[in-house]
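Taken together, the values in this text are just the output of simple stated rules run on the coordinates, not laboratory data. Computed from a predicted structure; not experimentally measured. Cβ sites come from the backbone with ideal geometry, for glycine too, and all protein chains shown count toward neighbours.
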Amino acid sequence: MGEFVMPAFLNEYQKKAVLDDSSACLVNANVGSGKTTVLTVKIRYLHEIAHISYRDMVVLTFTNKAAKEIRDRLAASEEAFLLPDMRYFGTFHSVALQLLREVLPVGALGYTPDFQVMDPEEEMDLALELIREKKLQIKYKNRLKKRLEQNSTGPAGTNTSRIQDDMPLLLEALEEEKKRRDKMTFSDLILHTDQLLEAADWKPAWVIVDEVQDCDELQLRMIRKLVDKGCALFAVGDPNQVIYSWRGSACNVFYTLRAACHATELSLPVNYRSSAPILEAAGAFAQNGGGFTGSRKGGSKIVVKNHYDPFQEACYLAERIQKLLQEGIPCGQIAIFYRLQSQSQVLEEVFARNGIPCLVSVKKTLREAPVLYWMLQVLRFSLDPLDRGAGIYALSHGEYGERKAGKALSEKAASGILREEKTEEYPLYRRMRGFLEACPGIDSPGALYSYFDLDRHIHPSSRTWQEDRTALFQLFDAVFSVLPYPAEEGEHERRTALEAAWKGFLNTSVLYGLPDRKEKEGGDCVKLMTLHASKGLEFSHVFIIGVNYGLIPLRTRDFEEEDEERRLFFVGMTRARDYLELSFYTNPDSRVRPGESRFLKMLPPDLVEKGTPAGTENDLQTLKKMILEERAAGKPQEEPEPAEQKEEAVPERYITHRKYGRGRVILEDETVLTAEFPGYGVREFLKAFGGMEYDN
């Protein structure tokens, strides 16, 4: 173990938090104030000075990435053989899973320690199956998933809805079926941990929480239960970054914990990330605490641009980014944020045409990767032949499952195969049933691919064969990177260890999703993401688009929703280190109000620079719109020339436009030209300012 030395770069506020000896301490960490650094140094201090074992700490985060960053930072100061002691470092769900499997008496609830985790889609499928089977009357089935989530914070059968139907019976049946199948949902992990903690003998010395402001009711109960057992608490977070109330996070987390745990409250007020103008402007949207203290002086003003529509903006951004790249700004340090995921489509299309590499950050569900989800069901049944749902799915999948007489098996036929154990007639079923016996000899991705004869299922003649094969090997690489293959152990011990590791991997894949090759390879790409997805990240250059009412902010029903939209905008602004550009549309779609939203009007005028290039182009677009509107209304234009204003079809005449390339002229008069461009469609231009040349 390396000797603890207080890092010299910590400021006085950070040192105070590390050295605080309160039994409960809440650290209000302003954006960019080094909270992860403080949290990591605090853990080292407890371990090396207070002699608290890592195994006696529960460290809770909200993303696997955050947990990994903390572990990696600690690893730099530890001997390798000590690292496995960090047993309960991870997300709330992964730590709850570990506790339920290792230290809490899950048998008292009707589960075994080998239970598996269900993904949300699997729970929905099970609920629909029970509704059909038991002939339950459930209203508003399109809202069933939301209703299940709303009833996940209390005991089974609790119905918090005013809707009068068979929902209580469904919840009760669902809970019984989950126990029978030995499976838990995400919310079950936290709920059952909370239920069992009070009576359990196990008690850690410390619970340490990152991003505590994002806790929902269940997670808060879990923290309080640990504190009630005598566990010390150290939590860091920022009330200005509460942006997940739609999934249950509460705005009053600091107040609740301070009152319940009699906690000391400290602050980290110094921002080390953003330039002074960005930080000062973002302060207009902060709702907790006053002016921010920045460590950086100077910096460029915030640029505000007005674009005619999203397409024109995308063309502008393509040109702007190309200039930044020429100036030496790394591609991976440029990010574009938007409010709705659908806004990325036009950016992707325009960037692709201009050769700008970009990566869209989208959290995908397991079922959005069909071949991988199917493979996980194959592995689930292979490891647990009692998991009939996984076996039926694997055998009856229309594209990858077994076939008879050239046709995919029905679910009924697959159920019959499981019931009658037809191992000879159906090779996939035979291999799944023999996997536990064979797995000690399956020691590589290639061996696993061959064992299941996967070419037979993903079909080399299929147009998706190469893509599916690559995805499967990517999955198998991730599997074998964590599987133990100790040669010195006996055959039985190896098989037991492998079975546990395989099941652990399957649970992890449900909790965190599958590895994304594009994410790993996206370091040299411009990042496109929603404001929600930007949380926790930072870039040198940030563009926030669509700051119109109806997008930023979305149309809100009450003050609480409006406040959250403000906090979300604050989060987006404070991702920028050096340059921040905001933009709005003159001609958005029908759901969005034209012109700048009130958020732009809240910016201090002395911190804003109005962008001229986009503004000039917008004036031309507005002028064109006025001319066309006057025509439609039958009003004469200034200096009319009637003989030349008659619109006529122009055969096979072409122009070259500086943005859209070569296009065919469709209509033309003295003022306006209309042309069609491959890939861009029909565009209209004012001839005097269109930026085009006629082809000879």
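Data overview
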item: Separation of the E561 and K15 label points, Cα + 7 Å toward Cβ, nm; result: 4.9 nm
item: Least to most buried among Y338, Y579 (fewest other Cβ within 10 Å first); result: Y579, Y338
item: Order of Y400, Y54, Y449 under a 10 Å beta carbon neighbour criterion, fewest first; result: Y449, Y54, Y400
item: DSSP-defined antiparallel bridges as percent of all bridges, the chain, nearest 5; result: 30 percent
item: Cα gyration tensor, the range 122-239 - rounded (a/c under 1.5), prolate or oblate; result: prolate
item: Principal-axis tilt of helix 465-480 within the chain, Cα atoms, nearest 10 degrees; result: 50 degrees
item: Fewest-first sequence of C331, C215, C439 by Cβ atoms within 10 Å of each Cβ; result: C331, C439, C215
item: Entries in K42/K145; K42/K301; K35/K178; K35/K146; K35/K229; K305/K687 that, when Cα-Cα distance is taken, lie over 30 Å; result: K42/K145; K42/K301; K35/K178; K35/K146
item: Between helix 167-181 and the chain: long-axis angle, C-alpha atoms, 0 to 90°, nearest 10; result: 60 degrees
item: Correct option for Cα extents along the principal axes in Å [calculated from the coordinates] among [x] 78, 59, 48; [y] 75, 71, 57; [z] 93, 74, 56; result: [z]
item: The range 366-514, relative contact order in percent, only Cα pairs under 8 angstrom and at least six apart counted; result: 23 percent
item: Relative contact order (percent, whole number), the range 156-236, Cα cutoff 8 Å, 6+ residue spacing; result: 28 percent
item: Angle between the chain longest axis and helix 344-353 axis [Cα atoms, degrees, rounded to 10]; result: 70 degrees
item: Taking the chain and dividing mean pair separation by its residue count, relative contact order in percent (alpha carbons under 8 Å, at least six apart); result: 15 percent
